[in-house]
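All of the numbers you see were taken from the coordinates with simple rules; none came from a lab. This structure is a prediction, so every number in the text was calculated from the model and none was measured. FYI the Cβ positions are ideal-geometry reconstructions off the backbone, even for glycines, and counts take in every protein chain you see.
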Amino acid sequence: MQKSKRIVWLFFFVSVLLGGIGWGFWRNPALQSRWLWRWERMRVYAQGILDPVEPPPTPLPAPAVAVTRHPTPTNLSVVAPETALPPAATPTPFVLPETVTLPAPSWERQDINNCGPAALAMYLRSYGWQGDQFDIAALVKPQRDDRNVNVDELAYYVRTRAGWLNIEYRVGGNLTLLKRLLAAGFPVMIEESFYFETPFYPNDDLWAAHYNLLTGYDEVTQTFISQNSYYGANLKVSYSDLQKEWQTFNYLYILVFRPDQAQSVRELLGDDWDVETNRRQALELAQRESQADPQNAFAWFNLGTNLVYFERYPEAALAYDQARQIGLPQRMYRYQFGPFLAYFHTGRIDDLMAIVEYALKRTPNSEEALLWRGWAHYRQGKINQAVEDFKAALEQNPNYLDAQYALNFVLNNP
């Protein structure tokens, strides 16, 4: 009898202890993040052993299309806005100071797969915003294991949840522009390449994407000051390293500012204030870079992305073909989706299916890859499978408007 009581009390004690540990675990986001991150690494590594990761697929033999292999400068001029633009603005001239150090917002370590919300949270705090990365993530990535947040999703958050601030993003940036903006008192957020320190699976190329917040620069040391949600606050990154890693994402930069600062931002951006002009200039930059370094896959990829913006899909598909032939990182289609559009709109459904299936092997919960697999199925006449993919995309992100549109379209146009 005494032994039975001891067993009951021991069981009770262990249950309370485990319950307390579990309660403390879920009440401590930092501890939770560390353990979930380790669990994720173990899970992905085991998956990589069972299903080894191959390089991204190269393009299938392209169908005959009446386009030139490489867009020419003459072709660039045919893209014109539908309405007349105001006269191009001239950037305000001023001498750059040798050193700029803006006040750094309180630093925040990112949660798992949360660099975008974390970087934006630090940025918004520069303007007195009261919140953290989890407030942003709740809207833009309801599922914690969503591995990608697009720039338009970050912009949507600011415009709908922090509407007393303005946000603009452009592509085709350069180091001088970054320094001009910083010298004028504006922090700048960019998207760039990131490299893991240890592999997630055998043959991992370690490449990923990362949002970074810049708050200063130093001409003497040729470095920017970054508030890096992964590595720490007030870190220095060389001009050359930033230039190289920034190219991967079409030199994307994001600006948050007060409404009364809009005119200053417009003057600093000059021609790039106008989105169409900015894209044309980014297209010309990508063309120059792909011609100067024909083996640079990212230059070709950027060329394709800027052509997609202007709906020049056959040329974009050829540019993406070049990038794929040279070789892209294993996680590229986790973050960038221009090839999905280019192949869909040129009827290259086999190529589209090849890369979305590859993307889903790397990132099974990618709502963007699920969406475009659905559209590929739709083009193949597999309506039921398309509907399932669109629903799966919405399960991953109920706020994904493109998936909701796709589902409505297919259901209403059987």
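Ordering Arg362, Arg348 from the fewest to the most neighbouring beta carbons within 10 Å gives Arg362, Arg348.
Couplings for the range 224-236, taken from phi via the Karplus curve 6.51 cos²θ - 1.76 cosθ + 1.60 with θ = phi - 60°, read 9, 9, 10, 9, 9, 5, 9, 9, x, 8, 6, 8, 9 Hz in order; Gly and Pro are left as x. For the cross-link pairs Lys361/Lys382; Lys179/Lys361; Lys141/Lys361; Lys141/Lys391, the ones whose C-alpha atoms lie over 28 Å apart are Lys179/Lys361. Arranged from fewest to most other beta-carbon atoms within 10 Å of their beta carbon, Ser240, Ser126 become Ser240, Ser126. Ordering of 335-342, 146-153 by packing is 335-342, 146-153, highest average first (other Cβ atoms within 10 Å, averaged per residue).
The calculated pair-distance distribution of the range 232-291 uses every alpha carbon pair, bins of 10 angstrom beginning at 0, and gives 17, 38, 35, 10, 0 percent. Just the Cα atoms of the range 90-273, one point each, no solvent: what log10 I(q)/I(0) does Debye give at q = 0.16 Å⁻¹? At q = 0.16 Å⁻¹ the computed log10 ratios are -0.98.
Fewest-first ordering of Tyr231, Tyr123 by other beta carbons within 10 Å of each residue's beta carbon gives Tyr231, Tyr123. Across the range 272-287, rounded Karplus estimates of 3J(HN,Hα) from the backbone phi angles (6.51 cos²θ - 1.76 cosθ + 1.60, θ = phi - 60°) give 6, 4, 6, 5, 5, 4, 4, 5, 5, 5, 5, 5, 5, 4, 5, 5 Hz, Gly and Pro being marked x. Placing a pseudo-label 7 Å from each Cα along the Cα-to-Cβ vector at Asp205 and Glu267 gives an inter-label distance of 4.4 nm. For the range 264-414, what log10 I(q)/I(0) values come out of the Debye formula at q = 0.12, 0.14, 0.17 1/Å, with one point per alpha carbon and no solvent? So the normalised log intensities work out to -0.57, -0.74, -0.98. Taking Cβ atoms as reference points and 11 Å as the exclusive limit, the residues near Ala183 contribute a net charge of 0, counting Lys and Arg as +1 and Asp and Glu as -1.
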